[in-house]
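Heads up, the thing below is written out as structure tokens.
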Amino acid sequence: MATQKQKTFRERPDTIDDQGNRKWIKVRQPKGKWYTRRTVVASFLLLFFILAPIIKIGGKPFMLLDVVNRKFHLFGATVYSQDTDIMAIVMAVTVIFVVLFTVVFGRFWCGWACPHTVFMEMIYRRIEYLFHGNYQRGRRAKVPSRFAVAIKYVLYFLVTLFFTNVFIMWFTGPKGLLIIWKSPFHEYWQVYTAMFVVTAVYFWIYAYIREGVCTLFCPYGRMQGVLLDAKSITVAYDYKRGEPRRIKGDCVDCGGCVSVCPTGIDIRNGTQLECVNCTACIDECNIVMRKMKKPEGLIRFASSYSVETGKSSIKSLRTYAYSGVLFILLVALVVAISGRTAVDASLLRMPGTMYQEASADTISNIYQLKVVNKTEGFKNIELKFLRPNNSAFFLSEHPIKLNENGSFDGVLILKQAKSDIKTKNAPVELGLYWDGKLLETTAATFIAPKPE
Ligand code: SF4
Ligand code: SF4
């Protein structure tokens, strides 16, 4: 039987039998120091998820994705949709960080911080243990009545509905969510529809799909084969110490590591795509090793390189390369945030226009001026040409009045005396002032006939 299993484990997922039917994973609840640590981390993450949009820092939400007003509160700082440079760098930093983290620490994210695992293992699975008892060698400790099973699914649904509302709160804030709850259904029917669709989908995922998200659908899981190398740290079975099992090796073939695995795999077959690095098998094997009076760590965090050679190393060329890129991006992010201006401005010559002879001794150019207020306060913006110094201009509204996150879009006409024009194509620079303080400058060119 074992030989047959070894023969087939790479041919199909462990969750599918030889008839092609799904095999339900009946996973035993782990216990041990890694499970306790995971519980602490998951509790912190769940609290963060629930409280982050409620907490305020300096009167501003700690986390709020205000898509309607195109304003994002991230860790107490406000970023507007106009801050595209900062957002692009943040996205690049996130991608490189995920790649680097995966190269060095394997699928650590999946087992410890992925929302799916946190919800599945720390909430839904625990509800299941409550009604079904713990599993012992694939069997339930108690067989619940149909009524108990129905209650379990009602609980699943209520928990999912609760977290869907928390998710909506990340976009509306607590007050916005309260307004939705208090308003008649027809006023927010779109939000309610989205709420029930999301709840239904997630209920289906946690009640039925379960580990299939990690083993079949998750794109991050698919990337492991590309990102991991021999020096990546994963949950690994020390086959040099464990084999031949039950004979000379330390593995007693008790199957404990398999019975706690939420994806149903046998880690003794080597690093597998399905392993989410949850560490449940480490805890279980350590219990067995202690009973057998053998050293712990037959299954542990290790790279296949270190299991093979006995040396530990997380250094590889890819690690250095990704670290270098990550460092450069972090510096760029610091520069972009520290150089962030209160207003954004652009001055562009009106497309398709040339210069105009405004009078016998004056030339004018027409520009399109855009100004965006990236702060939360009202701004009264005064304009002054820095180059040519104090040039006369015409603008429909001056000073420009900008509300919080407001913008101005208007036509600016700049005039210059012919006697001052020295070149056909001269640079101009416009300064934007608030309370006498220069906030931003923007540049363009002034075109004129060839000076005589
Ligand atoms: S093999 Fe171990 S670490 Fe990997 S998913 Fe299974 S129990 Fe978790
Ligand atoms: S728990 Fe440890 S001893 Fe038991 S089968 Fe797994 S690796 Fe072997």
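Values quoted throughout were computed directly from the atomic coordinates according to the rules given, and no laboratory measurement underlies them. For clarity, every value in this text was computed on a predicted model and none was experimentally measured. Positions of Cβ are generated from backbone atoms using ideal geometry, with glycine treated the same way; all protein chains shown enter the neighbour counts.
Taking Rh as the Kirkwood radius, which is the inverse of the mean 1/r over Cα pairs, what is the Rg/Rh value for the chain? Don't skip to the end; give the middle numbers.
On the way: Rg = 31.2 Å, Rh = 27.3 Å.
Using only Cα positions, Rg/Rh for the chain is 1.14.
Specify the angular offset, from 0 to 90 degrees and rounded to the nearest 10, of the alpha carbon long axis of helix 33-51 from the longest principal axis of the alpha carbons in the chain.
Taking Cα atoms only, the helix is inclined about 30 degrees.
To make sure I understand the rule: partners must be lysines, Cα under 29 Å from the Cα of LYS422, and not fewer than 8 residues away in the same chain. Which ones qualify?
The reachable lysines, counting only those whose Cα sits under 29 Å from LYS422, are LYS370, LYS384, LYS450.
Okay, which of the range 234-265 sit inside 18 Å, backbone N to the point 7 Å along the Cα-Cβ direction of LYS294?
Counting only backbone N, you get 236-260.
Rounded to two decimals, what is Rg over Rh for the range 381-433 when you use alpha-carbon atoms and the Kirkwood radius?
A ratio of 1.03.
Reachable lysines from LYS294, Cα under 17 Å, same-chain residues fewer than 8 places away excluded?
Reachable lysines: LYS240, LYS248.
Can you list, bin by bin at 5 Å, the percent of alpha carbon pairs in the range 327-373, starting at 0?
Reading the bins upward from 0: 5, 16, 13, 13, 12, 11, 10, 8, 6, 4, 2, 0.
Distance between the C-alpha centers of the range 398-434 and the range 14-39? Whole Å please.
Using only Cα atoms to place each centre, the spacing works out to 66 Å.
Please give the direction-averaged projected area of the C-alpha convex hull for the range 92-158, in square nanometres with one decimal. Provide the component values of the computation, followed by the final result.
Working: hull surface 25.8 nm².
Hull-based average projected area comes out at 6.4 nm².
Which whole-number value in Å³ per residue fits the convex hull of the alpha carbons of the range 343-447?
87 Å³
What trypsin sites (Lys or Arg not before Pro) does the range 222-318 have in DSSP loop regions with at most 12 other beta carbons within 10 Å?
On the way: sites: ARG222, LYS231, LYS240, ARG241, ARG245, ARG246, LYS248, ARG268, ARG290, LYS291, LYS293, ARG300, LYS311, LYS315, ARG318; in loops: LYS231, ARG245, ARG246, LYS248, LYS293, LYS311, LYS315.
Of the trypsin sites (Lys or Arg not before Pro), the ones in loops of the range 222-318 whose Cβ has at most 12 other Cβ atoms within 10 Å are ARG246, LYS248, LYS293, LYS311, LYS315.
Dipole of the range 343-447, Cα-centred, from +1 at each Lys and Arg C-beta and -1 at each Asp and Glu C-beta, to the nearest 20 debye? Please report the intermediate quantities before stating the final value.
Values: 12 positive and 12 negative charges, 65 e Å.
Taking the Cα centre of the range 343-447 as origin, the dipole is about 320 debye.
Going by Cα centres, the range 321-338 and the range 173-201 are how many Å apart?
If we compute the Cα centre of each part, the gap is 40 Å.
Send over the Kirkwood Rh of the range 1-102, from the inverse of the averaged 1/r over different Cα pairs, rounded to one decimal Å.
Working: mean 1/r = 0.0537 Å⁻¹.
Value: 18.6 Å, from the Cα pair sum.
Exceeding 29 Å between C-alpha atoms, which entries from my cross-link table qualify? They are LYS231/LYS291; LYS33/LYS56; LYS56/LYS152; LYS33/LYS231; LYS182/LYS379. If you can, show how the numbers build up before the last one.
On the way: LYS231/LYS291 31 Å; LYS33/LYS56 34 Å; LYS56/LYS152 35 Å; LYS33/LYS231 25 Å; LYS182/LYS379 35 Å.
Beyond 29 Å between Cα atoms: LYS231/LYS291; LYS33/LYS56; LYS56/LYS152; LYS182/LYS379.
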